[in-house]
Amino acid sequence: MASVRLFVPCFVDELWPQAARAAVELAEAVGFSVQLVDAVCCGQALANSGADSTKVEARFAAAASGTEEVVVLSASCAGHLQTMSGGHARVPPVVEWCDWFVRYAPDRFPQRLERRVVLHGSCSALRSTRNVETIRDLLSRVDGLEVFDPADASECCGFGGTFSTEFPEMSVRMGRDKWNSLASAHPNGVEGVVSSDCSCLLHLRAIGKGALPCYHIAELLRSAV
Amino acid sequence: MTDIARRMAAVLAREDFVDRHLAALRYKKGHRDATIASIRDWDARRERARAQKQAVRDDQERWIAMWIARARAAGTIVHEAATAADANRIVYEICAQQGATSIAKSKSMTTEECGLNHYLADRGVVVTDTDLGERIVQLFGEAPSHLVMPAIHRSRREIGELFAREGLCEPGEEDPVRLTQAARRALRSLFLSADIGMSGGNFLVAETGSLVVIENEANSLLGTSLTDTHIAVVGIEKIVPRLADLATFLTVLAPSSTGQRLTTYSTHYTGPQPRSAAELAAGAIERRLHVILLDNGRRALLGTPAEEGLGCIRCGACLNVCPVYRRSGGHAYAWTYMGPIGAVLAPGLGGGAHDDMPKASSLCGACNDVCPVKIDIAGHIHEWRGVLVKAGRAKHGLPPLAGTMLANKRLWRFGIGAAKALGPISGFFARRNAALRRWQAGGLRDLPPLPAQSFSRWFERRRVDQRQGASELRLTRGSGPRARPTSETQRARDDLMQRFVSRLEEAGGNYARLAELAAVVPDHAVATEEARRLLSAQGLERRLAPIDKLELDGVDVLVASARLAIAEKGACLVDFADLGSRAQILLCETLVLLVPSDGLVADLDEVYARIDPNALPPCLTFVTGPSKTADIEQTLVFGAHGPRQLVVVRLD
């Protein structure tokens, strides 16, 4: 059986494990055995804040070595790894999970999902991995699923790592504006928020306080199997 | 908490301000997107602009020396200022030499950077900012809050109250049109009496020694046309190699900035502006052009994360899309250059006082998407964070052991395990921990639940279960990624003239056929010599009175000639050659420009291809529609300082 090397970043592992479980089950469903990259973090959180990320990146590179490509379950981590510089870290080619799964995903998923969802294209998906169209492609293969875009779709949700705690008022205001545009993406309301970035989802869920369910795209696709 | 975070928090408490500011900038962004959608080679132009700026930086001293030599050859007096203090002193010395006490100054962020107004005021020289937005913030006693829309933080009501206090209008006036007219009336007498005209500079063309200034209101052209002395303070980074490069820079600048195709006036000054024979006969003295080339820390930016920021052409697009700037306004940054590009420049140019600016970003990258010279703004903000923390100039804001824990799976698991085990008292922890408290922001954000079982534990356990024969899902593989059908934009290949007319109208101008001339030109209209000649060559019997060569204020309709009409931009090229006084085409109420029949070109590239850089007239300007401003709540008002109406007539 073919195998795939998956990296589940620290915060997904602990705070949004349901996305990683779904990603693994979907990979297995299209015939892959899943091996994990045995590292906690890609270094993004440190590098974005200006902290020294070399040790963490070196650890990641060592854990990821000896494979053709690494599939990363987070657009922002994938973006960081794709642009990571520094002579120490030889990281195999990195592919964001949606870009990998779309190669093997069924043309139609077996289960219908009668649901109106709004797509939050994260900043990383829009500008770093640039694969929002891939996300749309995957979601379009689920019958019954209606996907809408919010107004000001390209605006950030306000998370930004330590930005969220160093500029809490600004981060909350950005989050609230984003939440309002997501929730009003359809005149009759939407029934869920979907994204390929769990970090945005963590922020949006904290802002929305459970008013709408938030899903990683893998969770939604898994429930269509 | 950093000072900048505190200042931003204070702004965010004023929700009505934030709502209005955010809406204004989203509206601006919409304009930009709409214009850019119709520019065929947008990305190629951006890339070319980036490469040209890079090429100048790679050989900076050579290009600076070339510009200085060519500018001097054209008669420009060039000064080099190492610091802001030097630049201010040079300006003052010029004033003192001439006994000048009043300056009409158009928009210039560089003189803001130098604090020139205050410096001169302390020495008895009054500087009046003549750009409407700049005038508003000057009267408020504030700094501009945006690179191109200085008063965007002020509402029409606040501006009306200010103007009433200043005696410019009746109390209670809030109409942007009437407020603009009030400012125009007040400033016109000032233009006519100022001793010196000052400007900034958008581009310095090394090949020709030219200074290029772009503006919408005509205040810059007026200030430099009505005085004997023009002083421009320009950063050394404004140099572009060749005249023809302007086709690229001008094409990317205005759409990024205001959503216009071309700013209303794009003026190329090559040497001092000559006096007409009539002016000399009336005793006018020859004009002088001083350009002060400012370093003020710019050379030292090479090799730092701010280097690429030197390529900035000050369009303000990054401000308009930045989710932080949109909500904070420019004053919260407390520095001349605000927003994303400000954060790139601040640690290099801010003298150590603005090292917290790179923190004021979620690194969303929206700025990179719109930058017309493709500066990796978010990337450089990211770079600065590392550089500043390493140098001890900033703190990274993460827990002290974060790096160690994240590099070591056992430590990480131990830490997380402890947090889960302490579940019952984690509420206590959350209240005490500063970062978690800030996350909750007084109850506005929930803490994330910490699921009992992490993904990796689930994965390990499941592997054991699977060996015992658990079965799972099956999906049929599909045919791979599908390309979404991209909508083919059907671009109508309309003929050039049609395009010119529609773009002219877009810029607020009007087009008239020769046959309609009588209808658009009233009997009391006056015309320049060249316009009269062109009309008589057409066999037109209309007898338009010649304009008094020294007439300035008070002309209603003036018919003058243009050299070229530029279809893609709806603009006309004017060289001032047929004017007794250059300001005449700016001071009339309605300007009618006659374009010769062979004067229609497709775009700026063709214009520059037709101009010999070695025989550049002292002044060329592209006129794109009537003078205009949108400095009061984005309301477009024609006739900011110059003509309220522009009519272009093409001769058969």
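Per-structure values
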quantity: 1 or more residues open to solvent by 10 Å² or more (accessible area, probe 1.4 Å) and out of contact with any Lys or Arg (no Cβ under 8 Å at 6 or more places or on another chain): qualifying strands (runs of 3 or more DSSP E) within region B:227-313; calculated: B:288-294
quantity: Members of region B:410-444 that are at pLDDT 90 or above and polar (S, T, N, Q); calculated: B:GLN440
quantity: Helices (runs of 4 or more DSSP H) completely within region A:141-225 that count 3 or more residues being under 25 Å from B:ARG327 (Cα atoms); calculated: A:163-166, A:168-183, A:198-208
quantity: Condition met for B:THR404 (β-branched (Val, Ile, Thr) and under 20 Å from B:HIS146 (Cβ atoms)); calculated: no
quantity: Candidates A:VAL8, A:VAL34 - the one that is facing chain B (nearest Cβ under 9 Å), in contact (Cβ under 8 Å) with a residue 24 or more places away in the chain, buried (at least 19 other Cβ atoms within 10 Å of the Cβ) and closer than 30 Å to A:PHE167 by Cβ; calculated: A:VAL8
quantity: Cross-chain or 6+ apart pairs with Cβ under 8 Å, region B:50-79 first and on the phi < 0 side of the Ramachandran plot, then open to solvent by 60 Å² or more (accessible area, probe 1.4 Å) and modelled with pLDDT of 95 or more; calculated: B:ARG50/B:LYS374; B:ARG57/B:LEU302; B:GLN60/B:ARG299; B:GLN60/B:LEU302; B:ILE68/B:GLU80; B:ILE77/B:ARG288; B:VAL78/B:ARG72
quantity: Number of positions in region A:184-195 that are surrounded by 17 or more Cβ atoms within 10 Å (Cβ to Cβ) and closer than 22 Å to A:ALA19 by Cα; calculated: 5
quantity: Output for region B:603-637, where each listed residue is part of a loop (DSSP other than H, G, I, E, B) and farther than 30 Å from B:LEU179 by Cβ; calculated: B:ASP603, B:ILE611, B:ASP612, B:LEU616, B:PRO617, B:PRO618
quantity: Members of region B:380-407 found to be open to solvent by less than 60 Å² (accessible area, probe 1.4 Å) and either modelled with pLDDT under 85 or among the polar types (S, T, N, Q) (or both), listed by number; calculated: B:THR404
quantity: Candidate set from region B:209-226 (those that are open to solvent by 10 Å² or more (accessible area, probe 1.4 Å) and in contact with a Lys or Arg (Cβ under 8 Å, 6 or more places away or on another chain)); member that is nearest to B:ASN614 (Cα to Cα); calculated: B:GLU215
quantity: Tally of residues being open to solvent by 30 Å² or more (accessible area, probe 1.4 Å) and more than 12 Å from every other protein chain (Cβ to nearest Cβ) across region A:126-166; calculated: 5
quantity: Subset of region A:162-178 (residues that are in contact with a Ser or Thr (Cβ under 6 Å, 6 or more places away or on another chain) and under 11 Å from A:HIS203 (Cα atoms)); calculated: A:SER164, A:SER171
quantity: Hey, B:VAL324 within 12 Å of chain A (Cβ to nearest Cβ), farther than 28 Å from B:ALA10 by Cα, touching a residue at least 24 places away in the same chain (Cβ under 8 Å) and aliphatic (A, V, I, L, M) or not; calculated: no
quantity: Top-ranked residue in region B:352-394 [being on the phi > 0 side of the Ramachandran plot and either of a type in the set (D, E, K, R) or touching a residue at least 24 places away in the same chain (Cβ under 8 Å) (or both); ranked as farthest from the other protein chains (Cβ to nearest Cβ)]; calculated: B:GLY352
quantity: Matching option when the condition is basic (Lys, Arg) and touching a Cys at 6+ places or on another chain (Cβ under 9 Å), among B:ARG70, B:ARG50, B:ARG62; calculated: B:ARG50
quantity: Those residues of region A:74-84 which are more than 10 Å from chain B (Cβ to nearest Cβ) and among the small types (Gly, Ala, Ser), in sequence order; calculated: A:SER74, A:ALA75, A:ALA78
quantity: Filter result (among the polar types (S, T, N, Q) and within 18 Å of B:GLY235 (Cα to Cα)) within region B:321-362; calculated: B:THR336
quantity: Options B:ALA346, B:ALA353: the member that is out of contact with any Gly (no Cβ under 7 Å at 6 or more places or on another chain), over 25 Å from A:ASP177 (Cβ atoms) and open to solvent by 10 Å² or more (accessible area, probe 1.4 Å); calculated: B:ALA353
quantity: Qualifying residue in region A:45-57 (condition: surrounded by 19 or more Cβ atoms within 10 Å (Cβ to Cβ), more than 16 Å from the chain's Cα centre (by Cα) and more than 8 Å from chain B (Cβ to nearest Cβ)); calculated: yes
quantity: Every residue from region B:1-17 that is more than 7 Å from chain A (Cβ to nearest Cβ) and more than 22 Å from B:LEU398 (Cα to Cα); calculated: B:ALA10, B:VAL11, B:ALA13, B:ARG14, B:GLU15, B:ASP16, B:PHE17
quantity: Residue satisfying all of: in region A:208-223; touching a residue at least 24 places away in the same chain (Cβ under 8 Å) and open to solvent by 20 Å² or more (accessible area, probe 1.4 Å); farthest from the other protein chains (Cβ to nearest Cβ) among these; calculated: A:TYR215
quantity: Residues of region B:567-587 that turn out to be assigned to a loop (DSSP other than H, G, I, E, B) and within 27 Å of the chain's Cα centre (by Cα), as a count; calculated: 8
quantity: Filtered residues of region A:105-125 (kept if buried (at least 22 other Cβ atoms within 10 Å of the Cβ) and more than 8 Å from chain B (Cβ to nearest Cβ)); calculated: A:VAL117, A:VAL118, A:LEU119, A:HIS120, A:GLY121, A:SER122, A:SER124, A:ALA125
quantity: Whichever residue in region A:58-73 is farther than 9 Å from B:ALA407 by Cα and of a type in the set (D, E, K, R) and, among such residues, is farthest from the other protein chains (Cβ to nearest Cβ); calculated: A:GLU68
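Yes or no, residue by residue, for (1) within 9 Å of chain A (Cβ to nearest Cβ); (2) at pLDDT 90 or above; (3) in a loop (DSSP other than H, G, I, E, B):
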site	(1), (2), (3)
B:ARG461	no, yes, no
B:ARG477	yes, yes, yes
B:GLY480	yes, yes, yes
B:ALA483	yes, no, yes
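The values are calculated or read from the model by the stated rules, or taken from the named source; none is laboratory data. Because the structure is predicted, anything quoted here is derived from the model rather than measured. Positions of Cβ are backbone-derived with ideal geometry, glycine not excepted, and every protein chain shown enters the neighbour counts. These area figures cover heavy atoms from the full protein model, side chains too; ligands, DNA and RNA do not enter into them. Shrake-Rupley method; radii C 1.70, N 1.55, O 1.52, S 1.80 Å.
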